Amino acid sequence: MRILALTLDLDDTLWPVLPALERADHAVDAWLQQHHPDVARAWPVPAMRELRAKVAVDRPDLAHDFSTQRQLTLEHAFASCGIASAPVDTLWEIYFAARNSVELYPDSLAALARLNARWPIASLTNGNADLERVGIHKHFDHHVSARNTGAAKPDARIFLAAAELLGVAPENILHIGDDAQLDVVGAREAGMRIAWINRHRLPWPANLGDAPDLDLPDMTALAHWLETRHPTA
Ligand SMILES: [Mg+2]
């Protein structure tokens, strides 16, 4: 089966996401300490994270929309301190700038350029990374997010939305991602081929069915596999 297009997860596939989320939470906290010390005292970083987790539980209708979850969290934190209108836009910008200051894995950029030279690529993410801010948008042809699609991985609908944008049947698409459940199981159920980017060389979770055919340590290995399997004429 020929691979005619690629869909590519972002967080923890092209860069480690936790350091960026950590920096973003602390950037928001630093601004609160300076401008709203009462709110900062009432809602230090761990408490703000718990609040956000509670918002996520209370609002399952927003499971695909981390951005709105975060904005509701800020509104609640400010309201609990007697401040009716939270500076959501200012704080969102601070958060979003830090969240997109990611440090790519050393193999990501060169592999991405090699892949996009030969295959159309759609980003496919449950997160809210902004590829223009990250600075790698020129290597992507389409962008598919849970927020824009209204469905989050592993739901087949987000994979099928990407296939439609790419104009390629799911069985001719290779999905590339790090998460066993969200990426591998999700793409498989949508009828796509799968490359598991397994940077930590984890064993395949036995409860998730058959292991993926492609279990690769990084994006360089993926580019090599694809180019070897589909040599240019
Ligand atoms: Mg991921």
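The values are calculated or read from the model by the stated rules, or taken from the named source; none is laboratory data. Note that the structure is a prediction, hence the values are computed from the model and not measured. So basically every Cβ, Gly included, is an ideal-geometry build from the backbone, and we count neighbours across all protein chains shown. Ligands, DNA and RNA are excluded from the accessible area calculation, which covers all protein heavy atoms including side chains. Shrake-Rupley method; radii C 1.70, N 1.55, O 1.52, S 1.80 Å.
Points to keep in mind about this one:
- Tensor-based shape of region 159-233 (alpha-carbon gyration tensor, a/c under 1.5 rounded, otherwise prolate or oblate): oblate
- Rounded to the nearest 10 degrees, the angle from helix 219-229 to the longest Cα principal axis of the chain is 20 degrees.
- For peptides 51-60, 65-74, 213-222, sequence by mean Cβ density within 10 Å, most packed first: 65-74, 213-222, 51-60
- Accessible area of the chain divided out per residue, in Å², using a probe of 1.4 angstrom: 48
- Gyration tensor verdict on region 108-180 (Cα atoms; rounded if a/c is under 1.5, prolate if a/b is larger than b/c, oblate otherwise): oblate
- For the chain, carbon and sulfur atoms together expose 54% of the accessible surface, with a 1.4 angstrom probe and every protein chain in place.
- In the chain, Cα pairs under 8 Å separated by at least six residues give a relative contact order of 24 percent.
- Packing-based ranking of 114-125, 199-210, 174-185 yields 174-185, 114-125, 199-210, ordered from highest to lowest mean Cβ neighbour count within 10 Å.
- Gained length - residue 81 relative to residue 130, 0.36 nm times residue gap less alpha-carbon distance: 14.5 nm
- Residues residue 2 and residue 210, FRET efficiency given R0 of 22 Å [Cβ-Cβ distance, rounded to 0.05]: 0.50
- The separation of region 1-34 from region 134-193, counted between C-alpha centres, amounts to 17 Å.
- Plainly put, region 1-126 has a radius of gyration that is 1.09 times its Kirkwood radius, both from alpha-carbon atoms, as the Rg/Rh ratio.
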